[in-house]
Amino acid sequence: MKYGSRKKKIELEKKDNEIIFSKSIKAGKRIYYLDVKKSRNDDLFLAITESKKKVTGQDDDIQVSYEKHKIFLYKEDFDHFTEGLEEVIKFIKKEQGEAPQRQERVYDNEPTAHETNEESKPKNFFDRFKL
């Protein structure tokens, strides 16, 4: 393969991976990424990625990895997909009711919402780490 054609192939691959718009949704141990990308023929499509944190091992042998699953949704399928999704969501809500709201995680060194006031807030980012 000549250098010029290889360079063009790399540029095409970069274009395939270009994210035009992105939205991340944190939900418990999962994060959903909704990425709008551009295909080779300049059509926009939606890439949905589910990323789930996996922790294995104990103590000093803890290993963290992320399990990822992707689906690609093209504009010609948007209407059918959203109709099906809405139907399935309605069914689940009818059968089991609304989902309870998730509690935000509170870390040991962070005050809870009712404990915060202007005096207890750190003045800057580094004030959180003073010993």
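Where the second residue is aromatic (F, W, Y) and the first is surrounded by 10 or more Cβ atoms within 10 Å (Cβ to Cβ) and lies in the stretch 61-90, which pairs have Cβ atoms under 8 Å and are six or more apart or on separate chains?
If the second residue must be aromatic (F, W, Y), the pairs left are F72/F45; L73/F45; L73/F81; Y74/F45; K75/F45.
Quick check, is V36 at pLDDT below 90 and either assigned to a strand (DSSP E or B) or within 27 Å of Q101 (Cα to Cα) (or both)?
For V36, the condition - at pLDDT below 90 and either assigned to a strand (DSSP E or B) or within 27 Å of Q101 (Cα to Cα) (or both) - is not met.
Conditions tested, residue by residue: (1) part of a strand (DSSP E or B); (2) small (G, A, S); (3) closer than 20 Å to K23 by Cβ; (4) under 22 Å from the mean Cα position of the chain (by Cα).
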{"position": "V55", "(1), (2), (3), (4)": "yes, no, no, yes"}
{"position": "D60", "(1), (2), (3), (4)": "no, no, no, no"}
{"position": "H69", "(1), (2), (3), (4)": "yes, no, yes, yes"}
{"position": "I89", "(1), (2), (3), (4)": "no, no, yes, yes"}
{"position": "I92", "(1), (2), (3), (4)": "no, no, no, no"}
{"position": "E95", "(1), (2), (3), (4)": "no, no, no, no"}
{"position": "P100", "(1), (2), (3), (4)": "no, no, no, yes"}
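The values are calculated or read from the model by the stated rules, or taken from the named source; none is laboratory data. All of these numbers come straight from a predicted model, not from anything done at the bench. Note: ideal-geometry Cβ built from the backbone for every residue, glycine included; neighbour counts use all protein chains shown.
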